[in-house]
Every structure is written in C-alpha cells, then in structure tokens.
Amino acid sequence: MFIRAIRIMKSDIHSAIERDPAARSALEILLAYPGIHAVWGHRIAHWLWKHRLKLLARWFSHINRFLTGIEIHPGATIGDAFFIDHGMGVVIGETAEIGRDVTMYHGVTLGGVSLEKGKRHPTIEDDVVIGAGAKVLGNIVIGRASRIGANAVVVKTVPPNSVVVGVPGQVVVRSKPADHIPDLEHGKLPDTLGQSIEDILARLDALEQRF
C-alpha cells in the first residue's frame, strides 16, 4: 500500500509539471501547490471514509478545505494524476467520481441537484478538462477527453470527445478524438450562438435574392 501511495503521489506531481507551464520543479509543487495538497489530503480522508471512520474523515476534509480553499467530500472517488490548477473555490460532492488524468481549474463545482440519497453527483471520465468557474450538476457523465468551457453550466450527459459551452451547456462534438495530451484551452471555444445567427442571416439573404 505504501508503494502504491508513493506511485500515486509521483503521478500527481508529474501531472502538475505536465499541465502547468508555471511549474518549475517537483519541489516547488510539493511545497506550494494547494491543488496537489488538497488531492493528497482527500486521499487520506477517503481512506478513512472507506474504513468507516466517517466523522474523522469529515473532520480531516474540513481541515483540508481550511488550508487549501478546496472542498472535496471524503466520499468522492478520484483517480490518479488528477490536477487542480489554482483551485480556490473548487467543490466536489460526495458521490462524484473522477477518472484518470483529469484537469480542473478554480471555481469548479461538481454538485448535486437532488435531496435523495444515492448517486447524485457527476461522473467525470478520463482525460477531461473542466474550465474555470464551470458547474457540472447532477448524476450525469462527462465522456472521456471532453472539454468543459469556462463558466459553462452542464446538467446533461456529455458524449466522449466533446466541447461544452454556454448556459445551459451546449455540446459540440469534436470531428476527431483528442489524443492523450490534455486539451487545456478551456477559454478557446466555439461561438455556437454566433454561428447560428450567421447561418440564419445567410439563409435570409439567400431567400431575399430568390424573391
């Protein structure tokens, strides 16, 4: 178990170096990256939660939030190489499930929309990027290698290799699957509304020319 923990920590540090151009060294990440600290704190809290030490897990999670500004419920399941960049204001609910190589920016919420017990938070598949301020709500699935735009509000399941923009989130399926390298351009997104207006104006122009 100790060897696995060291392997996961190395994976987390590598993910920060790979995805943050401001990262200069593993030591800097180890000492000064609250996103990494929050994830490591969560892994301890989650272990306590799974071993029925739930009050202690919640207390540890509370301290983790106080120190990092990131709130992760100890019941949430998080895969390897999860990177939270900046991180302030991130909230991850109890039944959220996050796969491998997921990147998340500050102000993101993985929240619930139901008071019922059971699965009520999102499932985020591998290689997903969630932009700053995005809200992903409910028992939905964000498909592998998708990109959620900054400040998008997503309330419906998203297929793999998609881009989601707007409020409520509109899905734009990519023409080809993304490779394993995360697409971090969560601010460079298609203007679906603007494109729709352009299409309508073009059709009106064509009708006017006909008549």
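The values are calculated or read from the model by the stated rules, or taken from the named source; none is laboratory data. Worth saying up front: this structure is predicted, and the values here are computed from it rather than measured. Cβ placement follows ideal geometry from the backbone for every residue including glycine, while neighbour counts extend to all protein chains displayed. For the accessible areas, the whole protein counts, side chains as well, though only heavy atoms, and no ligand, DNA or RNA atoms are used. Shrake-Rupley method; radii C 1.70, N 1.55, O 1.52, S 1.80 Å.
Each of 3, 130 has its accessible area taken with a 1.4 Å probe; listed largest first, they run 3, 130.
Tell me the net charge near residue 61. Cut-off is 15 Å between Cβ atoms, residue 61 excluded, with +1 for each Lys or Arg and -1 for each Asp or Glu. Mind showing how you got there, number by number?
Details: positive: 43, 50, 54, 58, 65; negative: 71, 94.
That sum, taken over residues with Cβ under 15 Å, equals +3.
For a paramagnetic label modelled on residue 7 (point 7 Å from Cα along Cα→Cβ), amide N atoms under 17 Å away belong, within the stretch 15-30, to 15. Taken about its Cα centre, the stretch 1-47 carries a charge dipole of about 200 debye when Lys and Arg each add +1 at the Cβ and Asp and Glu each add -1 at the Cβ. Under 5 Å between amide hydrogens, built in the peptide plane, is the criterion, and for residue 140 it picks out 123 among residues at least 5 positions away or on other chains. Note on the stretch 1-139: semi-axes of the ellipsoid equivalent to its C-alpha gyration tensor, largest first and rounded to whole Å, are 22, 18, 14.
Each part reduced to its alpha carbon centroid, the stretch 4-51 and the stretch 60-81 end up 12 Å apart.
Sparse packing (at most 15 other Cβ atoms within 10 Å of the Cβ) combined with a DSSP loop state is found for the following trypsin sites (Lys or Arg not before Pro) in the stretch 1-43: 24.
In terms of the Cα gyration tensor, with a ≥ b ≥ c the square roots of its eigenvalues, is the stretch 93-141 rounded because a/c is under 1.5, prolate because a/b exceeds b/c, or oblate? Display every interim value, and only then the final one.
On the way: a/c = 2.73, a/b = 1.50, b/c = 1.82.
Oblate is the answer for the stretch 93-141, as a/c is 1.5 or above yet b/c matches or exceeds a/b.
Derived scalar couplings between HN and Hα for the stretch 70-75 equal 10, 10, 10, 5, x, x Hz in order, rounded to whole Hz, by the Karplus curve 6.51 cos²θ - 1.76 cosθ + 1.60 (θ = phi - 60°), x for Gly and Pro. Subtracting the Cα-Cα distance of residue 100 and residue 44 from 0.36 nm times their residue separation leaves 18.4 nm of extension gain. In this structure, the amide hydrogen of residue 162, modeled 1.01 Å from its nitrogen in the peptide plane, lies closer than 5 angstrom to those of 146, 147, 174, counting only residues at least 5 positions away or on a different chain.
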